[in-house]
Amino acid sequence: MDPITLELPHTLKAPKAAPGYGPATRTMRPMLTGTSVVAFKYKDGIMMAADCLASYGSMARFRNENRFMKVGNTLLGVSGDVSDFQYMKHKLEDLLTSEYDMDDGQNLGTKSVYKYVSNVMYGRRNQFDPLWNAYVVGGIDNGEAFLGYANLFGTTYQSDCIATGFGAHLAIPILRRRVEGRAHEISEEEAVRILDDCMRVLLYRDCRAFNKQRRAKVTAQGVEISEPYTLETDWSIADRVVGYGA
């Protein structure tokens, strides 16, 4: 009779490590992406806008995406990979659930949300597995408007006006001329006009932009995100573009 061998827990061999040449298990490059987010401070709080398009390469694949997220009384706007944004949404929802379970009467402030997002982005960058996004975080914290930025490199800063994507090149000059130094004077009506002017320039110049956008604002009363709307445009200027129609 053959001997019977018993494998006890302390005699089991550890499984072999996976080979280093296995398949990639991280995002190597973004696939489904959203373009610019434009945001700035005004007299009553924060104004922000982003279009509703998620592009698959050069194809306008999904045309009704919401690239805003409400976290308590804080607003997040995002550019970049949609799946990585979904991952961050799950992280923030878990954070909100944890805060609710604590039931200590404390609310998650805008600066706390911003610090959490910044730490997640910087931590993933240090693991060489970044989240391919740029975030704009806005809200009212202790009675003051707050606006901050965090991206996949872990870069963070705060400013009166912020734009991501092509907006960093095309919208920021407009915002610096019309917002910086006078944010406390800008009414909601003027803020909407400035925001629409920025989004119109991006629609003309950014081939990943789309004429269907959402506008959001954060005031002392909370966060409001509009339904999708379109801008009035004038494409007669195309005749003055060198090479148009050639």
Descending principal axes extents, the chain, alpha-carbon based, whole Å: 93, 59, 28
Amide H contacts of ASP141 (H built 1.01 Å from N, under 5 Å, at least 5 apart or other chain): PHE146
Given charges at Cβ of Lys, Arg, Asp, Glu: the chain dipole, positive-most of VAL38, ILE172, ASN64: ILE172
Using distinct alpha-carbon pairs, which all enter the 1/r mean, Kirkwood radius of the range 20-141 in Å: 15.8
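Any number yet on Rg/Rh for the range 133-182, C-alpha, Kirkwood?
Values: Rg = 11.5 Å, Rh = 11.7 Å.
Using Cα coordinates only, the ratio equals 0.99.
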5 angstrom amide H check on TRP132, placed H, neighbours 5+ away: ASP81
Ellipticity estimate at 222 nm from DSSP helix runs (n ≥ 4, -39,500 (n - 2.57)) divided over the chain, nearest 500: -8500 deg cm²/dmol
Accessible surface, the range 145-229, averaged per residue in Å² (probe 1.4 Å): 49
Linear extension gain, ARG176 paired with ARG61, 0.36 nm per residue minus alpha-carbon span: 38.1 nm
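Could you order the peptides 154-162, 44-52 from most to least packed, using the average number of other C-beta atoms within 10 Å per residue?
By packing density, highest mean first, the sequence is 44-52, 154-162.
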Centre separation in Å (Cα based) which lies between the range 174-231 and the range 27-64: 13
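Using a 1.4 angstrom probe on heavy atoms only, work out the carbon and sulfur share of the accessible area of the chain in %. Kindly include the intermediate steps, with their values, before the conclusion.
Values: 7490 of 14750 Å².
C and S fraction of accessible area: 51 percent.
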Loop-located GluC sites (Glu not before Pro) in the range 73-180 whose Cβ has at most 16 other Cβ within 10 Å (DSSP): GLU180
Pairwise FRET efficiency - LYS89 versus TYR229, Cβ, R0 = 22 Å, nearest 0.05: 0.40
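The values are calculated or read from the model by the stated rules, or taken from the named source; none is laboratory data. These numbers come from a predicted model, not from an experiment. For neighbour counting, all protein chains shown are included, and Cβ atoms are generated from backbone atoms with ideal geometry for every residue, glycine included. To get the accessible areas, we keep the full protein, side chains included, count just its heavy atoms, and leave off ligands, DNA and RNA. Shrake-Rupley method; radii C 1.70, N 1.55, O 1.52, S 1.80 Å.
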